[in-house]
């Protein structure tokens with residue numbers, strides 16, 4: 001081997017070693033793509049890197065794709081931290097894909113609402129509601145929604161859009177209106193069947209929900225409030241309403257993947273995410289409700305329907321326990337597909 | 001390297017791909033007979049519950065819908081693609097051939113989602129067709145194209161046409177023109193030449209195209225998902241809806257298995273017809 005070749009090889013090995021050490025020093029966060037990633041990057045990752053000097057790399061995908069990948073990866077996870085919906089996080093926990101959190105390393109958790117602690121393994125970061133919204137330009141001038149029952153009214157006939165990937169919201173609302181609850185959901189079946197004439201189409205994702213609103217195909221929708229506010233910011237005349245019974249709360253949660261080698265950094269990432277200032281910024285971007293009681297959102301944001309700024313307000317919304325939702329969703333889906341979609 | 005060694009070198013990748021395919025199918029097969037544990041990603045012990053569950057009317061209806069939509073798509077695709085493929089092969093004008101190639105083949109490069117979204121803009125309540133019909137006063141209220149079998153078939157036909165055109169153009173290109181000239185010289189009018197000579201001679205392409213589009217459509221997902229809006233379901237949508245998005249992987253596996261059997265079964269069922277047609281063509 002010539003002397004020059006030796007030097008080239010040594011340099012290559014050195015570069016590879018530096019690359020590996022840098023790769024080990026970054027925190028990998030699993031999240032949804034688009035606005036979700038951009039918001040988390042701007043609000044949480046920037047502050048985290050500023051404090052720790054550790055860069056953050058996001059890997060994105062749908063809720064189910066990421067869950068399946070995590071299951072396949074097992075003890076060698078692709079990411080250190082995962083953000084997902086709270087009831088799906090329950091499945092991560094049930095399958096030991098999340099590790100138990102050391103709350104001593106998350107001091108900002110002390111300022112969070114009790115609802116933020118979803119389990120010893122995952123923490124709620126922010127909340128939103130699934131609630132009715134309608135296109136003001138496509139519905140009669142005097143049309144209004146005060147109660148969930150208004151979705152059963154004549155003006156909504158053939159105009160309603162519902163999610164079919166997760167019918168839990170309308171199922172639980174129907175159960176509540178019929179005197180039941182999530183566990184005792186079957187009491188709401190007669191009401192659900194009476195809702196069929198109102199339904200125009202079902203949506204399968206955030207993208208199709210927005211498309212149905214944008215094109216006016218479903219001028220009334222049970223919609224994720226964050227998506228509704230995003231569309232309003234793009235000039236679509238949409239009105240979000242939280243009925244007197246409350247909106248169905250959704251909580252997006254965070255957990256540390258079992259097998260992560262960046263446990264301390266991951267705890268710090270969660271701590272940063274719960275920092276009141278970071279929570280304010282995150283909620284301003286997403287138009288959601290903070291989980292930190294110390295976070296003060298702007299008056300404009302606080303005035304939006306579905307934005308919760310106190311533990312008391314959160315109690316007035318409809319909250320489905322994660323375990324109940326995760327366990328009953330398959331049963332709900334079978335019933336919903338059989339009786340509502342056809 | 002001997003000829004035998006080259007042969008082995010080529011066969012090894014095929015065997016590996018086939019083995020991977022068979023292993024994954026076996027994986028789906030064994031998973032379809034496992035018990036679903038609510039609230040867990042892990043499957044339980046072996047059970048026949050998922051198999052018995054397939055007797056529910058919803059599953060049978062969706063399988064029948066899938067077969068019907070696939071059949072209609074294949075038939076309409078054939079009817080619409082044949083003239084295009086014929087013109088593509090037989091035209092003497094270079095500019096027309098180029099135009100047809102561009103119009104017929106470019107959609108292949110745009111992807112299923114883009115083309116389906118385009119159809120949503122055309123078929124929607126406020127879409128192109130309804131707006132046009134409303135503006136010229138032919139209708140008072142928008143017609144319902146979206147969330148119907150009709151809308152799904154229209155979008156699937158458009159999606160499948162490039163493949164059908166390629167297959168038909170190949171078949172038409174292989175027709176011996178002397179046979180057509182002989183028929184014409186013996187006094188057959190042009191339409192008769194087309195029906196009694198050209199079409200039978202292109203039967204291999206017609207059969208191949210129809211079978212390919214039928215089988216292809218059986219696994220359609222994005223188009224029925226977006227155009228069907230949850231109201232028109234095909235098997236793939238049901239697998240996603242009932243199985244994957246509700247974490248019931250054993251049910252998803254059983255539905256996939258049923259879809260696989262339905263596809264193989266329906267292709268097997270049309271095999272005698274295909275064989276008869278091929279025999280007739282060979283005799284002619």
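Condition check ((1) without any contact (Cβ under 8 Å) to a residue 40 or more places away in the chain; (2) not in a helix (DSSP H, G or I)) across all residues:
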residue: A:150; (1), (2): no, no
residue: A:166; (1), (2): no, yes
residue: A:176; (1), (2): no, no
residue: A:181; (1), (2): yes, yes
residue: A:194; (1), (2): no, no
residue: A:209; (1), (2): no, no
residue: A:212; (1), (2): no, no
residue: A:217; (1), (2): no, yes
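Against the condition surrounded by fewer than 20 Cβ atoms within 10 Å (Cβ to Cβ) and in a helix (DSSP H, G or I), how does residue B:264 come out, does it pass?
In short, yes.
Only one of (1) farther than 22 Å from residue B:120 by Cα; (2) surrounded by fewer than 15 Cβ atoms within 10 Å (Cβ to Cβ) fails for residue A:157. Which number is that?
(1)
Considering only residues of the range B:155-170 that are touching a residue at least 60 places away in the same chain (Cβ under 8 Å) and within 15 Å of residue B:224 (Cα to Cα), which is nearest to the other protein chains (Cβ to nearest Cβ)?
B:155
Show me the helices (runs of 4 or more DSSP H) entirely contained within the range B:41-152 in which 3 or more residues are in contact (Cβ under 8 Å) with a residue 24 or more places away in the chain, within 14 Å of chain A (Cβ to nearest Cβ) and out of contact with any strand residue (DSSP E or B) (no Cβ under 6 Å at 6 or more places or on another chain).
Passing ranges, in order: B:57-90, B:112-123.
Name the residue, out of B:222, B:262, that is over 17 Å from residue B:64 (Cα atoms) and at pLDDT 85 or above.
Sole residue among the options that is over 17 Å from residue B:64 (Cα atoms) and at pLDDT 85 or above: B:222.
Can you tell me which of (1) within 14 Å of another protein chain (Cβ to nearest Cβ); (2) surrounded by 15 or more Cβ atoms within 10 Å (Cβ to Cβ); (3) at pLDDT below 95 is the one residue A:74 doesn't meet?
Result: residue A:74 passes all but (2).
Can you find a residue in the range B:219-241 that is out of contact with any strand residue (DSSP E or B) (no Cβ under 6 Å at 6 or more places or on another chain), away from chain A (no Cβ under 14 Å) and free of Cβ contacts under 8 Å to residues at least 60 places away in the same chain?
Yes, the range B:219-241 contains at least one residue that is out of contact with any strand residue (DSSP E or B) (no Cβ under 6 Å at 6 or more places or on another chain), away from chain A (no Cβ under 14 Å) and free of Cβ contacts under 8 Å to residues at least 60 places away in the same chain.
Here are some residues: B:104, B:74. Which one is farther than 30 Å from residue A:335 by Cα and at pLDDT 95 or above?
Answer to the check: B:74.
Limited to the range A:250-277, what total is found for residues that are closer than 22 Å to residue A:225 by Cα and buried (at least 23 other Cβ atoms within 10 Å of the Cβ)?
Counting residues in the range A:250-277 that are closer than 22 Å to residue A:225 by Cα and buried (at least 23 other Cβ atoms within 10 Å of the Cβ) gives 7.
The values are calculated or read from the model by the stated rules, or taken from the named source; none is laboratory data. Not measured: the values here are computed from a predicted model. For neighbour counting, all protein chains shown are included, and Cβ atoms are generated from backbone atoms with ideal geometry for every residue, glycine included.
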